[in-house]
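Below: one structure, written as structure tokens.
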Amino acid sequence: MTYRQRTKAINDAAREYRGPYRHYDIVKEATIAIGVVALLAVVLSILFSSPDEKPATVQSWSRAMPASFVATAVSELDGSSGTAGYGPPYNNASTGQHIAFIHLQQWFGVAHPINTSQDYVIAPLRALNTDTTLQHALNTYTSASAKQQMAWDNAYATAVGKAPHYADQAESREEQKSNTAAVLRISGANMGPLPVMMGRLLAFAQAGGLDGVLLANKQYYATDYTKTLMFLADGDYLPDLAQNDHLLGTQWGMMNETGSFPGQGWLWLYTFWYQIKPFSTSANADVLVMAVMGLLSVLFVAVPFLPGVRDLPRKIPIYRLIWREHYAQLQS
Amino acid sequence: MDPLAHKNKFVLMFAAIFDLNGKAGYAHWHFFQMSVPNLVVIVLMLVLFAVALVAPFPGNTKRRRK
């Protein structure tokens with residue numbers, strides 16, 4: 001008998017059920033299930049509560065790592081930051097990720113424009129319009145040639161890179177003050193108006209003003225944190241926090257949670273691909289992983305049509321273990 | 001008096017009995033790594049699955065007696 005004939009015979013035999021029937025109350029079953037889950041949710045939240053991390057803000061970043069903050073601000077100003085070169089949906093600096101002829105980022109276009117120099121540096125500083133020294137410095141910067149701006153940016157960024165505790169997070173108020181003072185001392189004729197601009201931006205950020213400016217939009221409720229998040233991601237502060245909690249992509253971070261809370265274990269397969277080649281070294285990793293997961297999802301949906309795979313329940317009869325009393329009755 | 005004393009009492013009243021905000025342990029093997037809390041949950045799910053397979057259906061004993 002061929003495979004096709006054999007499976008057809010099994011299917012035909014099962015088409016009309018001739019065994020015993022049992023009453024099953026699905027409403028009762030669902031009520032019990034919802035009740036048990038609700039009780040579990042209440043008991044577990046009393047026992048374990050939920051993650052209670054301090055929010056990572058531009059203010060906390062600029063206080064903990066002032067040198068790193070101004071270095072990132074300069075990279076936003078000169079267009080060398082990650083966000084400035086990201087491409088769609090933020091700008092047209094690159095084509096973004098693609099797979100073969102599929103350029104999803106490019107196709108959807110710049111849906112959430114971010115002009116890093118304007119949004120993160122120049123516009124927030126322009127808002128401080130009562131500070132005439134700052135406005136003069138801004139005018140000097142914006143009216144200079146691109147070559148001159150780049151020379152000032154590079155000179156300032158080099159000096160900031162040598163600031164003490166550049167990559168360390170301050171652990172006390174005293175450390176914050178001394179690290180901030182070290183940044184504010186940076187000056188030099190070759191840096192043009194940068195020391196004034198960055199000093200004011202640092203003070204504005206440390207007071208919490210920059211968080212407010214980056215959140216401001218046309219909606220009544222400010223819920224769009226994209227600009228803040230992209231700015232934070234360009235610096236060292238957020239990646240440091242993420243690394244400490246094993247939340248980076250290279251640390252299977254997608255399935256982890258802060259503290260000792262269990263995370264999203266069901267994302268193991270998604271995050272698994274990011275750990276192995278070619279995904280771990282590819283600039284198109286996100287779109288490649290999405291494609292692989294999409295293909296696997298289609299295969300999963302198509303299980304009833306895949307010869308061999310669809311026969312697994314018959315070959316590994318776990319159902320017989322579940323319904324063992326029924327099959328024992330049939331045998332006797 | 002600490003101005004936050006009243007708030008602290010309120011927070012303590014609703015604080016979790018087991019504080020899970022500390023650092024988690026991690027199982028590491030080559031490129032594989034998983035947090036101990038995730039492993040605990042996965043092991044619990046497997047145990048629950050095994051129990052669901054072998055535990056008798058509620059009501060079966062009653063039916064057998066009939």
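Below, the figures for the structure above:
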| read-out | value |
| --- | --- |
| Matching residues, the range A:236-265, being more than 7 Å from every other protein chain (Cβ to nearest Cβ), in contact with a Leu (Cβ under 9 Å, 6 or more places away or on another chain) and in a loop (DSSP other than H, G, I, E, B) | A:247, A:257, A:258 |
| Qualifying residue in the range A:76-98 (condition: open to solvent by 40 Å² or more (accessible area, probe 1.4 Å) and more than 27 Å from residue A:283 (Cβ to Cβ)) | no |
| Residue, modelled with the lowest pLDDT, within the range B:1-24, restricted to residues that are more than 28 Å from residue A:247 (Cα to Cα), in a helix (DSSP H, G or I) and hydrophobic (A, V, I, L, M, F, W, C) | B:5 |
| Members of the range A:110-119 that are open to solvent by less than 50 Å² (accessible area, probe 1.4 Å) and over 20 Å from the mean Cα position of the chain (by Cα) | A:117, A:119 |
| Lone qualifier among B:38, B:60 - being within 9 Å of chain A (Cβ to nearest Cβ), modelled with pLDDT under 90 and open to solvent by less than 70 Å² (accessible area, probe 1.4 Å) | B:60 |
| Any hit, the range A:171-183, residues being more than 27 Å from residue A:226 (Cβ to Cβ), surrounded by fewer than 14 Cβ atoms within 10 Å (Cβ to Cβ) and hydrophobic (A, V, I, L, M, F, W, C) | yes |
| Which numbered condition residue A:298 fails, given (1) within 12 Å of chain B (Cβ to nearest Cβ); (2) open to solvent by 40 Å² or more (accessible area, probe 1.4 Å) | (1) |
| Test result for residue A:305, surrounded by 11 or more Cβ atoms within 10 Å (Cβ to Cβ), out of contact with any His (no Cβ under 8 Å at 6 or more places or on another chain) and at pLDDT 90 or above | no |
| Hits in the range A:322-332 - residues which are part of a helix (DSSP H, G or I) and surrounded by 11 or more Cβ atoms within 10 Å (Cβ to Cβ) | A:322, A:324, A:325, A:326, A:327, A:329 |
| Qualifying positions in the range A:24-60 - touching a residue at least 12 places away in the same chain (Cβ under 8 Å) and touching a helix residue (DSSP H, G or I) at 6+ places or on another chain (Cβ under 9 Å) | A:53, A:56, A:57, A:58, A:59, A:60 |
| Whichever residue in the range A:146-170 is among the charged types (D, E, K, R) and surrounded by fewer than 18 Cβ atoms within 10 Å (Cβ to Cβ) and, among such residues, is nearest to residue A:77 (Cα to Cα) | A:147 |
| Index of the failed condition, residue B:27 passing every other in (1) facing chain A (nearest Cβ under 8 Å); (2) in contact with a helix residue (DSSP H, G or I) (Cβ under 9 Å, 6 or more places away or on another chain); (3) at pLDDT 85 or above | (1) |
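The values are calculated or read from the model by the stated rules, or taken from the named source; none is laboratory data. Being a predicted model, the structure only gives us computed values, none of them experimental. With ideal geometry, Cβ positions are generated from the backbone for all residues, glycine too; neighbour counts draw on all protein chains shown. Keep in mind that these areas ignore ligands, DNA and RNA; they rest on the heavy atoms of the full protein, side chains included. Shrake-Rupley method; radii C 1.70, N 1.55, O 1.52, S 1.80 Å.
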